[in-house]
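Beneath this line is the structure, given in structure tokens, with notes to follow.
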Amino acid sequence: MATAALSALCSDTALIFSRYARQTLRSRFQMLFGILMPLLYLLFFGPLLTDLPLGSKGDSWQVLVPGLLLQLGLFGASFAGFAVLIEKQSGVLERMRVTPVSRLALLLGRVLRDAAVFVFQAVLLVLAALVMGLRAPVGGVLIGLAFVALLTVSLASLSYALALKVNTPQEFGPTINALTMPAMLLSGLMLPMTLAPGWLDVLSHLIPFRYLVDAVRAAFVGDFASAHMLYGTLVGAALSVVAVTIGTRVFTSAGA
Amino acid sequence: MAIISTVGLARTFTTPQGPVAAVRGIDLTVRPGEIVGLLGPNGAGKTTTLRMLTTLLPPTGGAATVAGCDLVRDPAGVRRVSGYVAQSGGVDPNLTVREELVTQGRLYRLPRAEAVARAAELAADLGLADLLDRKAGALSGGQRRRLDIAMGLTHRPAVLFLDEPTTGLDPGSRADLWELVRRVRAEHGTTVVLTTHYLDEADALADRLVIVDRGVVVADGTPRDLKQRHAGSPDATLQDTFLAITGHGIAPDESAEPGGPLGPTASAPTAA
Ligand SMILES: Nc1ncnc2c1ncn2[C@@H]1O[C@H](COP(=O)(O)OP(=O)(O)OP(=O)(O)O)[C@@H](O)[C@H]1O
Ligand SMILES: [Mg+2]
């Protein structure tokens, strides 16, 4: 019984994943557009940092690229819910919800597609960064990609949950903006928080992304056994468990 | 043995303006293989009732079973046996007709090959065979409606809920759809619950009419019964019968202004 339910969940998830993956493949432009912002930062902001003392280990690329990777995940995944709002308005979502398809698969299929897209974009970004002068251990880069995937899964789940709860894009967009902008500034995505005055540093420790950024930066300089790495892993895991649980709750509750 | 049975099924929406009692208490029994027409003025609660019966909306009162499955305790069971065509459809305009039909079959857990075969079969049944590779967004209104209907038939449901299936269809397509509904019933014993504002359709297609007004059933019987009982003669028109029962006209949305969409809605919160 349990294994039957599990295999139904897996095949439903694969079905939903492929539906949305096909949609993504059809709009390649959108996929490339997603990395435009971090790419511009890389090209036009990155060179400004090369000779500045950033107060952290490694060169400026090892500080900047991890930030850009997480920025990519932060902005891309937070707005993932827009697609659900559109499907809600066109009736597609209800049409799927009257079928026996697993509610959890409706969430997981989408979230996994998002994670796949962002890993793809992140790889492109890292390749561009290598051309610009980034040098980092391969293991560190892979760990960085894993963090981007984890962040994407978490934020996309929350974004989908919010999209199911609100009724209009006018409520959704501003809410997401109001959450992502401070998160970006306070987590030290662009410049490390080691440069910050005490109060800002303290404040930034209240933002979960801070720990992820620090962990990816540690990975990029090869500090695999550091405290940053440990905290980042713990926070990332906790965030994704909480986010997926919330997403599951919302997607499985009747009438959502 | 009833295939659908509801007792006091009710739904009140909470809105910033206060509660809206969309459905106040529906008692309904449908026998297997019956075609039941659900009629009622705009805002009477027909769509809300169907959305509850298809597990999209949790009831706030009463209970119901569909094919022996309780709406609240076994929603998955209800979903397996029923098909639903929503009033406003639900296909992705960016996907092709074929893709939507096949995915729909897969959502109902048909094996891939079967889903592909079923898509072709349905396309033929609903006059969509030449349009399989067209994007759904590029279909005419009537073609898209036929696609919506095909989507609801994918898994040969035992119970089919159709919310205004023929709105926007030309007379020929409408007659074809009636024929299809009768054939599905004859071949598979499918039970059909459909809403409509076309009284000729109700008269021609439904074995039994259930008239809903302001969220309750106000009349229930064969078209002939209702005409006899409420308009005084089995030869009365259904229009006169309907007016006698609800006190206001059933008309296409645009001509229903005076007692139409606002009438029942406006009175609902004050009475609740
Ligand atoms: N989500 C909702 N929130 C608040 N009120 C709602 C909601 N959905 C429906 N209503 C109200 O409930 C009442 C019944 O609506 P419903 O859509 O069931 O009517 P209907 O009989 O299908 O009408 P029509 O013939 O126009 O399709 C209406 O007054 C409607 O405004
Ligand atoms: Mg309706």
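The values are calculated or read from the model by the stated rules, or taken from the named source; none is laboratory data. Computed from a predicted model, the values in this text were never measured in an experiment. So basically every Cβ, Gly included, is an ideal-geometry build from the backbone, and we count neighbours across all protein chains shown. To get the accessible areas, we keep the full protein, side chains included, count just its heavy atoms, and leave off ligands, DNA and RNA. Shrake-Rupley method; radii C 1.70, N 1.55, O 1.52, S 1.80 Å.
Restricting the search to region B:215-238, which residues are part of a loop (DSSP other than H, G, I, E, B), of a type outside the set (A, V, I, L, M) and over 18 Å from B:I35 (Cβ atoms)? Walk me through how you get there before you give the answer.
So in region B:215-238, the residues part of a loop (DSSP other than H, G, I, E, B) come out as B:215, B:222, B:232-237.
Filter again for of a type outside the set (A, V, I, L, M), leaving B:215, B:222, B:232-235, B:237.
Residues satisfying the conditions are B:G215, B:G232, B:S233, B:P234, B:D235, B:T237.
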- Condition check for A:L42: under 11 Å from the mean Cα position of the chain (by Cα) and either more than 25 Å from A:L158 (Cα to Cα) or in a helix (DSSP H, G or I) (or both): no
- Residues (open to solvent by 60 Å² or more (accessible area, probe 1.4 Å) and either touching a helix residue (DSSP H, G or I) at 6+ places or on another chain (Cβ under 6 Å) or within 14 Å of another protein chain (Cβ to nearest Cβ) (or both)) located in region A:30-51: A:Q30, A:Y41, A:T50
- Screening A:L104, A:L108, A:L112 for residues that are within 14 Å of chain B (Cβ to nearest Cβ) and either among the charged types (D, E, K, R) or under 30 Å from B:Y84 (Cα atoms) (or both) leaves only A:L104
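Residues that are more than 20 Å from the chain's Cα centre (by Cα), aliphatic (A, V, I, L, M) and more than 16 Å from ligand 2 (Cβ to nearest atom): does region B:75-96 have at least one? Talk me through it step by step, then tell me what you get.
So in region B:75-96, the residues more than 20 Å from the chain's Cα centre (by Cα) come out as B:92-96.
Now drop any that are not aliphatic (A, V, I, L, M), which leaves B:95.
Checking which are more than 16 Å from ligand 2 (Cβ to nearest atom) leaves us with B:95.
Yes: region B:75-96 contains one or more residues that are more than 20 Å from the chain's Cα centre (by Cα), aliphatic (A, V, I, L, M) and more than 16 Å from ligand 2 (Cβ to nearest atom).
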- Message: If B:A231 meets every condition in (1) at pLDDT below 90; (2) within 16 Å of ligand 2 (Cβ to nearest atom) apart from one, which number is that one?
- Response: (2)
- Among B:D235, B:D213, B:D163, B:D220, the single one that is over 27 Å from B:R11 (Cβ atoms) and among the acidic types (D, E) is B:D235
- Query: basic (K, R), within 16 Å of ligand 2 (Cβ to nearest atom) and open to solvent by 20 Å² or more (accessible area, probe 1.4 Å) - does that describe any residue in region B:204-215?
  - Reply: yes
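It is to be established whether one or more residues within region B:48-56 are within 16 Å of ligand 2 (Cβ to nearest atom) and open to solvent by 30 Å² or more (accessible area, probe 1.4 Å). First the steps, then the outcome.
If we filter region B:48-56 for residues that are within 16 Å of ligand 2 (Cβ to nearest atom), which is where we start, we get B:48-54, B:56.
Of the ones still in play, those that are also open to solvent by 30 Å² or more (accessible area, probe 1.4 Å) are B:51.
Yes, some residue in region B:48-56 is within 16 Å of ligand 2 (Cβ to nearest atom) and open to solvent by 30 Å² or more (accessible area, probe 1.4 Å).
Inspect all residues belonging to region B:97-105 and state whether any of them is out of contact with any Pro (no Cβ under 6 Å at 6 or more places or on another chain), open to solvent by 20 Å² or more (accessible area, probe 1.4 Å) and not charged (D, E, K, R).
Let us first name the residues in region B:97-105 that are out of contact with any Pro (no Cβ under 6 Å at 6 or more places or on another chain), namely B:97-105.
Keeping just the survivors that are open to solvent by 20 Å² or more (accessible area, probe 1.4 Å) gives B:98-99.
Pick out the ones that are also not charged (D, E, K, R) and you get none.
No - not one qualifying residue is present in region B:97-105.
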- Which ones in region A:79-101 are open to solvent by 10 Å² or more (accessible area, probe 1.4 Å), part of a loop (DSSP other than H, G, I, E, B) and more than 8 Å from chain B (Cβ to nearest Cβ)? A:F79, A:A80
- Item | Residues (over 15 Å from the mean Cα position of the chain (by Cα) and open to solvent by 20 Å² or more (accessible area, probe 1.4 Å)) located in region A:208-223 | A:D214, A:R217, A:V221, A:G222, A:D223
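Going by the structure shown, is A:L179 open to solvent by 60 Å² or more (accessible area, probe 1.4 Å), closer than 14 Å to A:Q71 by Cα and in contact with a helix residue (DSSP H, G or I) (Cβ under 8 Å, 6 or more places away or on another chain)?
Details: open to solvent by 60 Å² or more (accessible area, probe 1.4 Å): yes; closer than 14 Å to A:Q71 by Cα: yes; in contact with a helix residue (DSSP H, G or I) (Cβ under 8 Å, 6 or more places away or on another chain): yes.
When the stated conditions are applied, A:L179 passes them.
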- Identify, by number, the condition in (1) more than 16 Å from ligand 1 (Cβ to nearest atom); (2) more than 21 Å from A:L106 (Cα to Cα); (3) surrounded by fewer than 23 Cβ atoms within 10 Å (Cβ to Cβ) that B:P93 doesn't meet. (2)
- Could you run through region B:100-115 and say how many residues are assigned to a helix (DSSP H, G or I) and within 8 Å of chain A (Cβ to nearest Cβ)? 4
- Message: Filter region B:61-83 down to the residues that are open to solvent by 20 Å² or more (accessible area, probe 1.4 Å) and either at the interface with chain A (Cβ under 10 Å from one of its Cβ atoms) or acidic (D, E) (or both) and list them by number.
- Response: B:D70, B:V72, B:D74, B:P75, B:A76, B:R79, B:R80, B:V81
- Kindly list the number of the only condition in (1) away from chain B (no Cβ under 14 Å); (2) open to solvent by 10 Å² or more (accessible area, probe 1.4 Å); (3) more than 16 Å from A:F82 (Cα to Cα) that fails for A:Q121. (2)
